[in-house]
Amino acid sequence: MGHVEPLARASYKIQVALPLEPAREERLLAAAKHATQFFMGTADVQLALEKVARLLREEEIPYALIGAMAVNEYGCARVTTDVALLLSTEGLQKFKDRHLGRGYVERFPGSKGLRDVENGVAIDIVLTGEYPGDGLPKSVRFPDPAEAVPWWVSA
């Protein structure tokens, strides 16, 4: 057995935390407050989801919850600030016809995306037939929510 050199001692640099700039500290605290409200189920985004889901059900517009809010339904806790929904083109138009100017506005004229003005939350819309990711054609498209099988229903 040969000679073994002792391991070099690790050198640790001790850093003292410096106070944050006031604007940065305010953003950090606001984010922490939002996360707390989110995990308590009282954040604006959850109120917006409950409201839009109720309106879609009342209008009998098929929809599917997608994005971060859907991930939370699978038990994977993730804070988000928007609601993402899958709708058909007809379903989106029906919703817009009934609710634009009545608590919802388009994010910009002619956009799919909406904003819940009461809760100040963006509602992102993905349409049936669109391609995920970059939107370029591929073997997978978003389904019609009226035909989608919920994950909790066994095939």
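Every read-out reported here was derived from the displayed coordinates using simple, explicitly stated rules and does not represent laboratory data. Please read these numbers as outputs of a predicted model, since none were measured by experiment. Virtual Cβ from ideal backbone geometry, glycine too; neighbours counted across all protein chains shown.
Here are the numbers for the structure shown:
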{"item": "Förster radius 22 Å - calculated FRET efficiency between residue 60 and residue 106 (Cβ-Cβ, nearest 0.05)", "result": "0.45"}
{"item": "Approximate spin-label separation residue 27-residue 139, in nm, with each point projected 7 Å along Cα-to-Cβ", "result": "4.2 nm"}
{"item": "In segment 50-80, GluC sites (Glu not before Pro) in a DSSP loop with at most 12 other beta-carbon atoms within 10 Å", "result": "60"}
{"item": "Listed residues 113, 91, 41, most fluctuating in the chain (Gaussian network, C-alpha, under 10 Å)", "result": "41"}
{"item": "Helix axis angle, 22-40 relative to the chain longest principal axis, alpha carbon, degrees", "result": "60 degrees"}
{"item": "Volume per residue that the Cα convex hull of the chain spans, once the total is divided by residue count, Å³", "result": "279 Å³"}
{"item": "Within segment 65-101, backbone nitrogen closer than 16 Å to the virtual label 7 Å beyond the Cα of residue 37 toward Cβ", "result": "79-83"}
{"item": "In the chain, lysine pairs with alpha-carbon atoms under 20 angstrom apart (chain gap of 8 or more, or interchain)", "result": "5"}
{"item": "Pairwise label distance in nanometres, residue 93 with residue 148, each label 7 Å out on the Cα-Cβ vector", "result": "2.1 nm"}
